[in-house]
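The values are calculated or read from the model by the stated rules, or taken from the named source; none is laboratory data. Computed from a predicted model, the values in this text were never measured in an experiment. Glycine gets a Cβ as well: all are built from the backbone with ideal geometry, and neighbour counts include every protein chain shown. What goes into the accessible areas is simple: the full protein's heavy atoms, side chains included, and nothing from ligands, DNA or RNA. Shrake-Rupley method; radii C 1.70, N 1.55, O 1.52, S 1.80 Å.
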Amino acid sequence: MPPVLELREVSKAFPNHRAVDRVSLALERGGFYSLLGPSGCGKTTTLRMIGGFEEPTGGEILLNGRDVTRLKPWQRDVSTVFQNYALFPHLSALRNIEFGLREHGRPDTTKRALEALELVRLGAKRDSLPAQLSGGEKQRVALARSLVLEPQLLLLDEPLAALDPQLRKQMRAELKAMQRQTGITFLFVTHDQEEALSLSDQVAVMNGGRIEQTGTPEDLYLRPATRFVAGFLGEMNWFGGVGVRPESTRISGSGPGLPGTVESLLFLGNCLHVHVRLADGGHAVAETPRDGQRFAEGEAVWLSWDAAGELRFE
Amino acid sequence: MRSTWRNHGAAIYAACALAFLHAPLAILILFSFNASRFTVWEGFSLRWYRVALEDPQLAEGLLNSLVIAGVSGVLSTVIGTLAAYAMWRRGARVLSGMLYLSLVTPEIVTGVSLLALFEGAFRFLQLRLGLHTVIIAHVAFSIAYVTIVISARLRSYDRTLEEAAMDLGASEWGAFARVTLPNLAPGIAAAGLLALVVSFDDYVITSLVAGVDSQTLPMVIYAMARRGVSPVVNAVSAFIVVAFGVVILLSERLQRR
């Protein structure tokens, strides 16, 4: 069976810059995938090309093995959850969800739309206009509006960015549950590494219009292929050309090791991050247990690590 | 204490400004109910309204004006809305500059140039001046008003709504018809009423391009007023003022929605 989505060397060049540069990607059916990268890395443009809102300047996009590169958005079996939700302001929650069903000429539109509304637990809000819904509710209507069409692929463009942190964590869990429940392939675009790592089966890290690395969250975190990936996912200390994660960095009040002074202490709840100014002017972070040895600001410390914790890049 | 005086001052100033604006209209409405033919109050009467209603010229003018305003209002609303939409889709700035140019062009210039155009065209077509030329002229100048009102509305319209519609299976036309159009409806209605009013109101351009059989109400009133201030003119004018007031209020309401 061909992958649900395959990108072959897809590029998008704008008059003065190359937003996406020969991106290749294959998504297996039923997975939760993320495109992760800083703003301006080309992830949203990539998503818009898959949705049909931008035409690639090079390469091919295949959906279930079929070339859809030049097809219009309404001709492809994918659906997008937009960052601002893009709910139709003149239609009720129920009518918003019915919209796609009607456009596709499916039967039983109201019944199906109601089921979708129940799926996101908004049955009571069926007649509310978008302006009367909270951010989280709008988000769920947008999700239901796309899911009710049972697309081959659901595209999510930073759907949690506009929510407050508490709600964001809750919606994250709901998204994951929804994906597992429906079995629809999700492609999630985000700049939040924590979001991408916690949600995805596979993550593609983008930078400067190119994919730096694709892999499971564990792969990316433990075996980053490039310096960029190592630095973007989680914190990283750079000792010479070698990268060491804060949790692999040991700190002690005596040598041997790299000398430095404690700059600040950050209490993170489950652990403590000690920020150290190194004698050579560099900066490093060591993670220590909450109930471990205490350090004071300005104290002289030494950092060390095992060879097993080292990450090397060309 | 001082602030009270300042408030009083502002209120008096506002009252004076309003009086300056509207006193002539108030007097006109008042004298339209005057029993006398002259500007001396003799008593309340609906006499002039009866005379106005029975005047065949006024009736014909009113009918012409309504037909012209109705047809040109609908045409210019459709054309102007589509023009504004196309400019919004393409981000055409030069065109919107040209719209304002057509708003500030003196009416007499517009009228003379339209007349020249019609005369030129009539050399090839077997046509003369009439209702149709007035309608074409009114459509020509109303489009600018409609396009500007709709453009203002579109400036705050979220482009991703159309993308979402297409994403859910609507074609470009479907997205426009079923998502953009309903969201623009109050603006379109307001623009349509505005087009109606500017068409009904116009004298200068109309008088240049109208034929002998297409006298509009303002033209009839003007001709009557030139023969001396007739109370019939007062009655008709008072009626127009009230009707227009209602339409403008309605249009304002719709624009605010």
Selection over segment A:189-209 where residues are assigned to a strand (DSSP E or B) and open to solvent by 10 Å² or more (accessible area, probe 1.4 Å) yields a count of 2
Within segment A:45-70, of all residues that are away from chain B (no Cβ under 14 Å) and in a loop (DSSP other than H, G, I, E, B), the one farthest from A:G234 (Cα to Cα) is A:R70
Filtering segment B:216-257 down to residues that are in a loop (DSSP other than H, G, I, E, B) and of a type in the set (D, E, K, R), which residue is farthest from the chain's Cα centre (by Cα)? B:R227
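How many of the residues in segment A:98-153 are closer than 19 Å to A:F88 by Cβ, within 13 Å of another protein chain (Cβ to nearest Cβ) and open to solvent by less than 40 Å² (accessible area, probe 1.4 Å)? Show your work before the answer.
So the first thing to find is which residues in segment A:98-153 are closer than 19 Å to A:F88 by Cβ, and the list is A:98-106, A:109-110, A:112-114, A:116-117, A:120, A:122, A:125-149, A:151.
When the remaining residues are screened for being within 13 Å of another protein chain (Cβ to nearest Cβ), the result is A:98-106, A:109, A:113, A:116, A:129-131, A:138, A:141-149, A:151.
Checking the rest, the ones that are also open to solvent by less than 40 Å² (accessible area, probe 1.4 Å) come to A:98-101, A:109, A:113, A:116, A:130, A:141-149, A:151.
So the count comes out to 18.
Can you tell which of B:R93, B:R159, B:R155, B:R123 is within 14 Å of chain A (Cβ to nearest Cβ) and of a type in the set (K, R)? It would help to see each step written out before you state the result.
Details: B:R93 fails: within 14 Å of chain A (Cβ to nearest Cβ); B:R155 fails: within 14 Å of chain A (Cβ to nearest Cβ); B:R123 fails: within 14 Å of chain A (Cβ to nearest Cβ).
Exactly one residue qualifies, and that residue is B:R159.
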From the list A:P73, A:P89, exactly one residue is closer than 20 Å to B:D158 by Cα, facing chain B (nearest Cβ under 8 Å) and surrounded by fewer than 17 Cβ atoms within 10 Å (Cβ to Cβ). Which is it? A:P89
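Hey, among A:E263, A:E218, A:E212, which residue is surrounded by 14 or more Cβ atoms within 10 Å (Cβ to Cβ), more than 23 Å from A:F295 (Cβ to Cβ) and among the acidic types (D, E)? I'd like the intermediate steps shown before the answer.
Numbers: A:E263 fails: more than 23 Å from A:F295 (Cβ to Cβ); A:E218 fails: surrounded by 14 or more Cβ atoms within 10 Å (Cβ to Cβ).
Unique residue meeting the criteria: A:E212.
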Could you check how many residues of segment B:199-237 are in contact (Cβ under 8 Å) with a residue 60 or more places away in the chain and of a type in the set (F, W, Y)? 1
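Check A:A286, A:A308 and return the single one that is surrounded by fewer than 17 Cβ atoms within 10 Å (Cβ to Cβ), outside any loop (DSSP other than H, G, I, E, B) and not charged (D, E, K, R).
From the options A:A286, A:A308, the qualifying one is A:A308.
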For A:G281, the lone unmet condition from (1) of a type in the set (G, A, S); (2) open to solvent by less than 30 Å² (accessible area, probe 1.4 Å); (3) part of a loop (DSSP other than H, G, I, E, B) is (2)
Which of the numbered conditions does B:A189 fail, given that it passes all the others? Conditions: (1) touching a helix residue (DSSP H, G or I) at 6+ places or on another chain (Cβ under 6 Å); (2) within 11 Å of chain A (Cβ to nearest Cβ); (3) of a type in the set (A, V, I, L, M, F, W, C). (2)
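How many residues, within segment A:27-44, are closer than 20 Å to A:G208 by Cα, away from chain B (no Cβ under 14 Å) and either of a type in the set (K, R) or not in a loop (DSSP other than H, G, I, E, B) (or both)? Working first, answer last.
As a first pass, look at segment A:27-44 and keep what is closer than 20 Å to A:G208 by Cα: A:33-44.
When the remaining residues are screened for being away from chain B (no Cβ under 14 Å), the result is A:33-43.
Narrowing the set further to residues that are either of a type in the set (K, R) or not in a loop (DSSP other than H, G, I, E, B) (or both) leaves A:33-36, A:43.
Selection size over segment A:27-44: 5.
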